[in-house]
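These notes are about the structure you will find just below.
The values are calculated or read from the model by the stated rules, or taken from the named source; none is laboratory data. Computed from a predicted structure; not experimentally measured. With ideal geometry, Cβ positions are generated from the backbone for all residues, glycine too; neighbour counts draw on all protein chains shown.
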Amino acid sequence: MIPVITIDGPSGSGKGTISRLVAEQLGWNMLDSGAIYRVLGLAAERAGISAQQISGLTALASNLDLSFQAEKVLLANEDVSHLIRTEAAGNAASKVAVIPQVRTALLGWQRAYAKDPGLVADGRDMGTVVFPDAKIKVFLTASAEVRALRRYKQLKEKGLNANLVSLVAEIQERDERDQNRSVAPLKAPVAALEIESTSLSIDEVLKSVLDRVEKTYPELDISMPR
Ligand code: C5P
């Protein structure tokens, strides 16, 4: 079986950064499942399909022409990497993500990313639904204020507009929707390594994940970051 590490958590918890670093360290593949929901939200908006039109959205999800190319996210060969990173795109994503049929349509597609030598999967339901047999499941959290501040810095670095007060409100609104939906709600998987990262550095979080990897897969040669 292909080894899988799942890293779930709320928006801005640092899962994207940690997943990328763990994948790089191990030389494994990476799945950014949030990007799929973000691209779907964008494709729906462009096609004029609202979050209430379930069959239209499900058809769109089943035929989504999405691909990842290095750091880029492509929708029908158009680079939409920047377009999908705004808070508005995150919110649109979380509205299409509540629909059970949409989530089912995306399951096989996500599982196909589990390829040799291994996969690091980042999202909300990677450990609970998409890869329930993963040997390592991480659940990363941090306070809404710290997550909003991290998002604020990320957006500013990308030259995008950001307002801290509205970011906190948007993050709380998205948490609420992600945690309370009926299918695949955001929650810690059973036996997850839970990391509360409010006062931890990226290196500290990375180290505890790699510690777990070393214990679970002693045959892997991991050079720990200092
Ligand atoms: O992780 P990211 O912020 O990019 O995710 C955007 C939205 O996509 C989330 O707020 C969530 O509603 C949805 N999502 C999901 N399941 C995943 C990944 C993301 O429902 N596995």
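Can you tell me which residue in region 171-189 is farthest from Ala89 (Cα to Cα), limited to those that are assigned to a loop (DSSP other than H, G, I, E, B) and more than 11 Å from the ligand (Cβ to nearest atom)? Spell out the reasoning first.
Filtering region 171-189 down to residues assigned to a loop (DSSP other than H, G, I, E, B) leaves 181-189.
With more than 11 Å from the ligand (Cβ to nearest atom) added as a condition, the list becomes 182, 187-189.
Working: Ser182: 22, Lys187: 22, Ala188: 24, Pro189: 26 Å.
Only one residue tops the list, namely Pro189.
Which of the residues spanning region 110-124 are among the basic types (Lys, Arg), touching a residue at least 60 places away in the same chain (Cβ under 8 Å) and either assigned to a helix (DSSP H, G or I) or within 12 Å of the ligand (Cβ to nearest atom) (or both)? The answer is Arg124, and nothing else.
Scanning region 200-224 for residues that are without any contact (Cβ under 8 Å) to a residue 24 or more places away in the chain, among the polar types (S, T, N, Q) and in a helix (DSSP H, G or I) yields a single hit, Ser208. Pairs are defined by a Cβ separation below 7 Å, a sequence spacing of at least 6 or placement on different chains, a first member in region 25-47 that is under 15 Å from Glu71 (Cβ atoms) and within 14 Å of the ligand (Cβ to nearest atom), and a second member that is assigned to a loop (DSSP other than H, G, I, E, B) and of a type outside the set (Val, Ile, Thr); the pairs so defined are Leu31/Tyr113; Val39/Leu64.
Considering Ala88, Ala144, Ala105, the condition of being at pLDDT 95 or above and small (Gly, Ala, Ser) is satisfied by Ala105 alone. For region 85-100, the set of residues classified as surrounded by fewer than 19 Cβ atoms within 10 Å (Cβ to Cβ), more than 8 Å from the ligand (Cβ to nearest atom) and within 26 Å of Val190 (Cβ to Cβ) consists of Pro100 only.
Please state which one of Ala148, Ala192, Ala188 is in contact with an Asp or Glu (Cβ under 7 Å, 6 or more places away or on another chain) and surrounded by 14 or more Cβ atoms within 10 Å (Cβ to Cβ). Result: Ala188 is the single residue among Ala148, Ala192, Ala188 that is in contact with an Asp or Glu (Cβ under 7 Å, 6 or more places away or on another chain) and surrounded by 14 or more Cβ atoms within 10 Å (Cβ to Cβ).
Out of all the residues in region 136-148, is one or more out of contact with any His (no Cβ under 9 Å at 6 or more places or on another chain), over 21 Å from Ser208 (Cα atoms) and either near the ligand (Cβ under 9 Å from one of its atoms) or among the β-branched types (Val, Ile, Thr) (or both)?
Just the residues of region 136-148 that are out of contact with any His (no Cβ under 9 Å at 6 or more places or on another chain), to begin with: 136-148.
With the extra rule that they be over 21 Å from Ser208 (Cα atoms), the set shrinks to 144-145, 148.
The next check asks that each one be either near the ligand (Cβ under 9 Å from one of its atoms) or among the β-branched types (Val, Ile, Thr) (or both); those that pass are none.
The answer is no, given that none of the residues of region 136-148 is out of contact with any His (no Cβ under 9 Å at 6 or more places or on another chain), over 21 Å from Ser208 (Cα atoms) and either near the ligand (Cβ under 9 Å from one of its atoms) or among the β-branched types (Val, Ile, Thr) (or both).
The one condition from (1) under 16 Å from Arg85 (Cβ atoms); (2) in contact with a helix residue (DSSP H, G or I) (Cβ under 8 Å, 6 or more places away or on another chain) that Ala144 does not meet is (1). Could we say that Ala192 is touching a residue at least 40 places away in the same chain (Cβ under 8 Å), in contact with a strand residue (DSSP E or B) (Cβ under 9 Å, 6 or more places away or on another chain) and more than 11 Å from the ligand (Cβ to nearest atom) here? Yes; evaluated as a whole, the condition is true for this residue.
Quick grid of which residues meet (1) at pLDDT below 95; (2) more than 16 Å from Asp122 (Cβ to Cβ):
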{"position": "Asp175", "(1), (2)": "yes, yes"}
{"position": "Asp178", "(1), (2)": "yes, no"}
{"position": "Arg181", "(1), (2)": "yes, yes"}
{"position": "Ala188", "(1), (2)": "no, no"}
{"position": "Ala191", "(1), (2)": "yes, yes"}
{"position": "Glu204", "(1), (2)": "no, yes"}
{"position": "Ile222", "(1), (2)": "yes, yes"}
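If I ask for residues that are farther than 23 Å from Leu107 by Cβ and without any contact (Cβ under 8 Å) to a residue 40 or more places away in the chain, which ones from region 70-94 would you list? If the condition is that a residue be farther than 23 Å from Leu107 by Cβ and without any contact (Cβ under 8 Å) to a residue 40 or more places away in the chain, then Ala70, Glu71, Lys72, Asn77, Glu78, Asp79, Ser81, Ala88 are the ones that fit.
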